[in-house]
Amino acid sequence: DTVWTRTYGGPGSDWGYSVAAGAGGYIIAGMTTSFGAGYYDVYLIKTDAAGDTVWTRTYGGLEWDSGHSVAPTADGGYIVTGFTESFGAGNDDVYLIKTNADGWVEVGGRDDVEPGRRLHYLSQNRPNPFGRATTISYAIPDHRQVSLAVYDIRGALVRELVSGTLSPGPHQVVWDGRDGRGREVGSGVYFCCLEAGETRETRRMVLLR
């Protein structure tokens, strides 16, 4: 007979793919569109023995990130595996997340940062290739000076899209394929460069007229 049932999530779509017992309750891994930083995020839920929520955490960037398996670790934390489109070298990459007992991810020896938070993140523009316009998404962890600019294949500045101090969190800007004087640029390869603090990230963009 059923002892109890519980539901978890928010106004979006939420999935649970793996559950493990430990530390007087259960740990659930899945993905969510209700919470987090991007399109889909890894969703980690800690419950007590009765299934009531103790805490929830999300991990990921601006793209599609999912957790498919979770297990307790010997130090009292958790290990989660899944896939990510936000980070890594390709379209989809293996995503392995190690947390402490409270679901926090240690960064630089500290465990007091937001779970899964990365210092900076520049997403691949979408669509890519593009014809008329493309959207560039990026995120920063705190208030800081940010520059987002487009360069041609020779390294010459085409247009500065963002320059100033921005608030933390995700941001988006649209490039309409024009230079700083409002003139349409030709088909070819361009590079979008994000500079924030000491970090510089670049993405390759293809414009097809």
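Results, tabulated for the structure shown:
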read-out: Residue check, V185 over 30 Å from Y59 (Cβ atoms) and either touching a Lys or Arg at 6+ places or on another chain (Cβ under 9 Å) or β-branched (V, I, T) (or both); value: yes
read-out: Hits in the stretch 6-36 (condition: touching a residue at least 40 places away in the same chain (Cβ under 8 Å) and β-branched (V, I, T)); value: V19, I27, I28
read-out: Close pairs from the stretch 130-153: first touching a residue at least 60 places away in the same chain (Cβ under 8 Å) and in a strand (DSSP E or B), partner surrounded by fewer than 20 Cβ atoms within 10 Å (Cβ to Cβ) and of a type in the set (S, T, N, Q), Cβ under 6 Å, at least 6 apart; value: S137/Q172
read-out: Which numbered condition D142 fails, given (1) at pLDDT 75 or above; (2) surrounded by 14 or more Cβ atoms within 10 Å (Cβ to Cβ); (3) closer than 19 Å to G61 by Cα; value: (2)
read-out: Hits in the stretch 152-188 - residues which are under 23 Å from F87 (Cβ atoms) and in contact with a Leu (Cβ under 8 Å, 6 or more places away or on another chain); value: L161, V162, P170, V173, W175
read-out: The stretch 120-138, residues that are surrounded by 19 or more Cβ atoms within 10 Å (Cβ to Cβ), under 19 Å from A89 (Cβ atoms) and modelled with pLDDT of 75 or more; value: L122, S123, N125, S137, Y138
read-out: Filtered residue count, the stretch 36-60, keeping only those that are under 30 Å from R126 (Cα atoms), surrounded by 23 or more Cβ atoms within 10 Å (Cβ to Cβ) and among the hydrophobic types (A, V, I, L, M, F, W, C); value: 2
read-out: Counted residues, the stretch 154-209 - those being touching a Cys at 6+ places or on another chain (Cβ under 6 Å) and either charged (D, E, K, R) or in a loop (DSSP other than H, G, I, E, B) (or both); value: 1
read-out: So T33, is it among the polar types (S, T, N, Q), surrounded by fewer than 22 Cβ atoms within 10 Å (Cβ to Cβ) and over 24 Å from E85 (Cα atoms); value: no
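The values are calculated or read from the model by the stated rules, or taken from the named source; none is laboratory data. Model, not experiment: these values are computed from the prediction. In this analysis, Cβ positions are derived from the backbone assuming ideal geometry, glycine residues included, and neighbour counts consider all displayed protein chains.
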